[in-house]
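Comments concern the structure below.
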Amino acid sequence: MNLHFSAEDIAFRAQARDWLHDHVPRERRPHAGPAARAYDLAWQALQHDAGWAGISWPKEYGGLGLSLTRQLIWHEEYARADAPDHHLCFVALNHAGPTIMANGTEAQKQYHLPRILKGEVIWCQGFSEPNAGSDLGSLRTRARVDGDHLVVSGSKIWTSHGHLSDWQELLVRTDASAAKHKGISWVICDMKSPGLTLRPIEIMTSPNQTHFVQCFYDDVRIPLTDVVGDLNDGWNVAMSTLAFERGTAQIRDQIRYAYLVEDMIAKAAERLGNDCPLSRDEIGARLADLRADMAAARAMTYMVVSRADAGMRGSEASLMRAMVGETQQRARRLALDILGPYALENSEEDDWVYFYLRSFSITIAAGTAQIQRNIIGERVLGLPR
Amino acid sequence: MNLLPTAEQREIVDSLRSFLSARAPVSRLRPPAPQTGNSDHRLFRDLGDLGIWGCGLPEAVGGVGLSATEESLIYRELGRHLLSPAIFALTLGAHLLSQLKGKLLSSFIDGSARVGIANPRGRVSLAARSDGDVHLFDCAEAEWVLISDENGAGLFCRDDFAEIQPVPSMDNLVTLHRARLVDARPSFWAAAPDLHERALLLLSAFAVGIAEATRDMAVEYAKTREQFGRPIGSFQAIKHICADMAIRCEAAVCQTAFASLVLAEGHDGLAFHTTSSKLVAAASAIKNASQNIQVHGAIGFTAEADPHLFLKRAHVIEQLWGDSRRCRERILSLDLPE
């Protein structure tokens with residue numbers, strides 16, 4: 001065990017810190033809409049032009065191919081510089097891109113990967129369906145082969161930013177007679193395809209906030225050349241890159257949340273005033289627990305990276321994800337109690353209320369807290385199904 | 001950066017674990033063994049021969065020359081096996097005596113010193129002259145008593161304490177006395193805050209051991225106990241309790257490892273990280289020990305099964321040298337390290 005970083009790593013840290021300090025956009029990121037798209041793409045393009053894009057992408061695909069330790073350092077500096085998150089670029093950089101690298105044809109790689117890195121395109125996900133959420137394997141959107149095309153019909157839901165996207169990673173059932181997890185294919189869907197319509201879904205944060213769309217496919221034609229991996233092997237294709245980041249990017253959130261707790265401590269002290277020292281108040285006790293839990297969350301991320309570095313490929317990262325998600329929710333909830341009556345004002349300038357409401361998605365997205373506990377129970381602890 | 005134990009560290013853990021499972025299985029504590037107090041001091045010399053008490057001291061003074069990281073790994077195993085809390089006095093006493101070049105040092109390193117520990121009940125001022133009310137743990141036959149606070153650590157003679165009164169102990173396998181320090185002079189005293197941070201770290205590691213042992217007991221029981229024709233661990237109601245226990249263990253293990261490295265390598269934020277460890281690990285130990293009783297059902301409520309032993313010891317650990325309330329107050333007073 002050690003917390004050492006090599007001299008080269010320390011030099012890399014200084015380099016990253018300097019560049020981020022000088023280039024992180026200072027204007028506030030719009031929460032939604034075309035302005036958010038433009039903001040995210042511009043930031044990605046800026047990183048690309050300076051040679052910082054794709055830190056976890058292999059060099060052969062235009063990335064930097066950094067070691068896990070260097071990725072961790074980059075993300076730590078990224079959070080310290082308060083750089084904007086990937087947001088709309090997330091699916092492309094961490095999911096669609098890596099999936100195409102691992103399973104795509106040469107033509108697919110040549111076309112899509114540079115566009116992603118350069119910040120030219122937004123990707124979205126088409127996995128969940130109205131009747132296939134936690135039980136993703138039961139998805140029913142059908143695609144039949146017609147000549148050199150697939151013809152897709154059905155519906156996808158909870159597609160974040162679908163209305164702002166160029167491409168979609170889409171899971172469709174191409175063999176209805178096969179077993180549940182067989183007979184699925186992973187395809188690239190052009191969001192401008194005829195027959196594809198979108199229904200915006202507003203989320204609970206505030207009125208007129210479209211975050212998701214529901215997608216309806218009415219005989220949407222997709223060239224067979226846009227199937228990634230083998231036809232009917234889509235489940236394996238989708239699962240092969242789920243852990244692409246291997247936990248390094250999580251450190252960003254944790255550092256940000258640690259700073260949030262510091263802001264909360266300052267605000268709470270201000271609100272309670274001198275009459276009631278923080279250490280004697282129930283809010284102080286909760287802040288103290290949060291500070292300790294945030295420290296533990298960071299140590300857990302170091303452990304996830306240590307395991308990945310050692311080539312250990314288990315489900316233990318679920319332990320960190322579960323703990324981190326629930327600690328973040330607790331922080332957002334406590335922020336509200338610190339605001340007191342002002343918690344009822346959902347203002348643009350002060351985003352604690354917005355992010356409190358937003359935090360409800362943390363334990364739902366990318367596998368609910370309950371599904372994660374099934375995974376921990378069965379795959380980490382070996383309990384029977 | 002790497003939080004995984006090295007091959008050498010794993011070897012230390014494995015050899016200690018095989019010693020403890022042969023010589024100190026938790027079953028040693030069950031009836032017909034006496035149900036008040038414990039006889040763990042008989043093991044201390046053999047553990048001394050393994051280098052346990054001088055693990056973190058330089059070889060020049062008779063130690064093994066390892067660090068707080070190895071000490072933490074050792075205390076995790078000692079916690080799993082519910083060793084008497086007197087062990088804290090041996091390791092910390094050895095560090096104190098090493099700093100002071102005290103001549104008793106070798107008896108702490110070899111485990112022959114008869115020691116126990118004291119914990120404040122209320123305000124205790126600990127210094128060259130000390131006052132206040134304390135509890136004594138496993139001090140019935142002790143010659144020396146160790147106490148630690150934010151300013152340092154001190155070793156007293158048992159005879160330095162006044163009004164020693166036995167009281168029934170919630171953790172009945174630990175002897176408990178009320179006692180009082182009245183203008184008492186510790187035989188050895190060092191105003192060295194590092195000693196207290198090490199104390200918090202070792203307590204955290206012991207608590208990690210309790211959290212892990214109870215997780216493992218609950219999981220094992222959930223795999224074998226059947227109701228409604230199925231192992232109870234197949235029901236999500238039970239499976240998710242076990243998953244929560246595993247999450248708590250991971251948090252406590254990782255934060256304790258991190259804090260041990262901050263101490264071993266001399267990074268900033270030592271007090272912040274040891275206090276975080278104590279808070280997270282003590283809470284994990286108590287919660288896991290409680291949930292273990294629930295998973296076991298009625299048998300878990302009896303003295304015929306082991307779950308209650310872990311719960312009671314977890315509460316002792318939580319109280320020692322700064323309970324959670326005190327840790328919260330402390331952590332709010334510290335700066336967030338980088």
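Residues in the stretch B:242-252 include at least one that is within 13 Å of another protein chain (Cβ to nearest Cβ) and under 15 Å from the mean Cα position of the chain (by Cα).
Sub-6 Å Cβ pairs linking a first residue in the stretch A:364-377 that is more than 10 Å from chain B (Cβ to nearest Cβ) and part of a helix (DSSP H, G or I) to a second residue that is among the hydroxyl-bearing types (S, T, Y) and surrounded by fewer than 16 Cβ atoms within 10 Å (Cβ to Cβ), at least 6 apart or interchain, are A:I371/A:S134, ordered by first then second residue. Any chance the stretch B:98-106 includes a residue that's under 19 Å from the mean Cα position of the chain (by Cα) and outside any helix (DSSP H, G or I)? No, there is no match, as no residue in the stretch B:98-106 is under 19 Å from the mean Cα position of the chain (by Cα) and outside any helix (DSSP H, G or I).
Applying the set (1) within 22 Å of A:Q370 (Cβ to Cβ); (2) at pLDDT below 95 to B:R230 leaves exactly one unmet item: (2). Taken over the stretch A:262-306, the criterion of being facing chain B (nearest Cβ under 10 Å), surrounded by fewer than 19 Cβ atoms within 10 Å (Cβ to Cβ) and touching an Asp or Glu at 6+ places or on another chain (Cβ under 7 Å) is satisfied by A:S279 alone.
Selection of first residues in the stretch B:105-121 that are under 18 Å from B:D131 (Cα atoms) and of second residues that are of a type in the set (G, A, S) and crowded, with 24+ Cβ neighbours inside 10 Å, restricted to Cβ pairs under 6 Å at least 6 apart or on distinct chains, gives the following pairs, ordered by first then second residue: B:I117/B:A89. Of the strands (runs of 3 or more DSSP E) lying entirely inside the stretch B:124-194, those containing at least 3 residues that are buried (at least 20 other Cβ atoms within 10 Å of the Cβ) and in the same structural domain as B:L90 (by TED's automatic domain parsing) are B:130-137, B:144-149, B:152-157, B:176-184.
Listed by first and then second residue, the pairs with beta-carbon distance under 6 Å, at least 6 apart or on different chains, first residue in the stretch B:158-177 and under 17 Å from B:D40 (Cα atoms), second assigned to a helix (DSSP H, G or I), are B:D171/B:K312; B:D171/B:R313; B:D171/B:V316; B:L173/B:L29. Here B:I74 clears all of (1) within 14 Å of another protein chain (Cβ to nearest Cβ); (2) surrounded by fewer than 23 Cβ atoms within 10 Å (Cβ to Cβ); (3) part of a helix (DSSP H, G or I) except the condition numbered (2).
I need the full set of residues from the stretch B:203-219 which are facing another protein chain (nearest Cβ under 10 Å) and of a type outside the set (K, R), in order please.
First, the residues of the stretch B:203-219 that are facing another protein chain (nearest Cβ under 10 Å): B:215-216, B:218-219.
If the condition is that a residue be facing another protein chain (nearest Cβ under 10 Å) and of a type outside the set (K, R), then B:D216, B:A218, B:V219 are the ones that fit.
Among the residues examined, B:A283 does not qualify as buried (at least 24 other Cβ atoms within 10 Å of the Cβ), modelled with pLDDT of 95 or more, more than 7 Å from every other protein chain (Cβ to nearest Cβ) and within 22 Å of B:R325 (Cα to Cα).
Look at B:K239 and say whether it is within 14 Å of chain A (Cβ to nearest Cβ), of a type in the set (K, R) and either in contact with an Asp or Glu (Cβ under 9 Å, 6 or more places away or on another chain) or at positive phi (or both). Considered against the rule, which asks whether it is within 14 Å of chain A (Cβ to nearest Cβ), of a type in the set (K, R) and either in contact with an Asp or Glu (Cβ under 9 Å, 6 or more places away or on another chain) or at positive phi (or both), B:K239 comes out as yes.
The values are calculated or read from the model by the stated rules, or taken from the named source; none is laboratory data. On a predicted model such as this, the values are computed, not experimentally measured, just so you know. No Cβ is skipped: glycine too gets one built from the backbone with ideal geometry, and neighbour counts run over all protein chains shown.
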